[in-house]
Amino acid sequence: MPSGWSLSDYEHGLISVMNAACRSQREIAVAIRRSKTVVKTYLRNPGRYNITRRSGRRSSLSATTVRRIVRAAKTGKYSLSQLVRTLDLTVSARSVRRMLAREGTLCYAKRKSSPVLTKAHKIARLEWARASVVLGAQWESVVFSDEKKSTSTAQMDFSIT
């Protein structure tokens, strides 16, 4: 059973030309950086080289299923585990990931953390800021949502510890 990659058409041509030039199989193997066994096998019968089908485990995913997975993955709505659940697949999420990588139609891209602000968003923010400047004493009652602790909980933490 073959263990390496098959010869390319270019290598077929090189071997044939070098053999016609009366070079030895060993010299040909060194020149194309392949084993002398593969050179010998090709020269024995060039027409029948690499026609026999290689054995191996069959894929558990049919071509139809692969197309369904790729179509669903292209939408970007599903994670791998969600794909397995929604399409009712009999393989693991890792197998689906391997299959998608082998297909090569999709590539991983990290999502943006937040959407880009448009010109309209920036104008609306400026208008809000200009309107809010005149709040004066009302600023004391404003609570910003990005603060982790309010002043009352900060005082409680200080007194507890």
Report summary line: Between [x] 2, 10, 19, 23, 20, 14, 8, 4, 1, 0; [y] 2, 8, 15, 16, 16, 13, 10, 7, 5, 4, 2, 1, 1, 0, 0; [z] 1, 6, 10, 8, 6, 6, 7, 8, 9, 8, 6, 4, 3, 3, 4, 4, 4, 2, 1, 0, the structure-derived P(r) over Cα pairs in 5 Å bins from 0, in percent is [z]
Query raised in the report: Tell me, what HN-Hα J-couplings in whole Hz come from the Karplus equation 6.51 cos²θ - 1.76 cosθ + 1.60 at θ = phi - 60° for each residue of region 11-21, using x for Gly and Pro?
Result: 5, 4, x, 4, 4, 4, 5, 5, 5, 5, 8
Query raised in the report: Taking amide H positions as placed 1.01 Å from N in the peptide plane, with prolines and chain starts having none, which residues 5 or more places from Leu61, or on another chain, fall under 5 Å of its amide H?
Result: none
Report task. May I ask for the longest run of the chain untouched by chymotrypsin sites (Phe, Trp or Tyr not before Pro) that are loop-located per DSSP and have at most 10 neighbouring C-beta atoms (other than their own) within 10 Å? Result -> 6-107
Query raised in the report: Thr90: net charge of surrounding residues, Cβ under 14 Å, Lys/Arg +1, Asp/Glu -1, itself excluded?
Result: +3
**Report entry** Length added when fully stretched, Asp88-Val70, from 0.36 nm per residue minus Cα-Cα
**Finding:** 5.0 nm
Requested in this report: Net charge near Leu117: determine it from the other residues with C-beta under 15 Å of the C-beta of Leu117, scoring Lys and Arg +1 and Asp and Glu -1.
Outcome: +3
Report task. Rounded to whole Hz and in sequence order, give me ³J(HN,Hα) for region 32-46 from the Karplus expression 6.51 cos²θ - 1.76 cosθ + 1.60, θ = phi - 60°, writing x for Gly and Pro. Result -> 9, 6, 10, 6, 5, 5, 5, 5, 5, 5, 5, 5, 4, 7, x
**Report entry** Karplus (6.51, -1.76, 1.60) ³J(HN,Hα), θ = phi - 60°, over region 58-70, in Hz, Gly and Pro reported as x
**Finding:** 6, 6, 7, 10, 6, 4, 5, 5, 4, 5, 4, 5, 4
Requested in this report: Please report, in debye to the nearest 20, how large the charge dipole of region 63-103 is about its Cα centre when each Lys and Arg carries +1 at its beta carbon and each Asp and Glu carries -1 there.
Outcome: 100
Query raised in the report: Which value at 222 nm does the chain reach when only helices count, each DSSP H run of 4 or more adding -39,500 (n - 2.57), with the total divided by all residues and rounded to the nearest 500 deg cm²/dmol?
Result: -15500 deg cm²/dmol
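Since every read-out is calculated from the coordinates, none of them should be taken as a lab result. Here the structure is a predicted model, which means the values were calculated and not measured. FYI the Cβ positions are ideal-geometry reconstructions off the backbone, even for glycines, and counts take in every protein chain you see.
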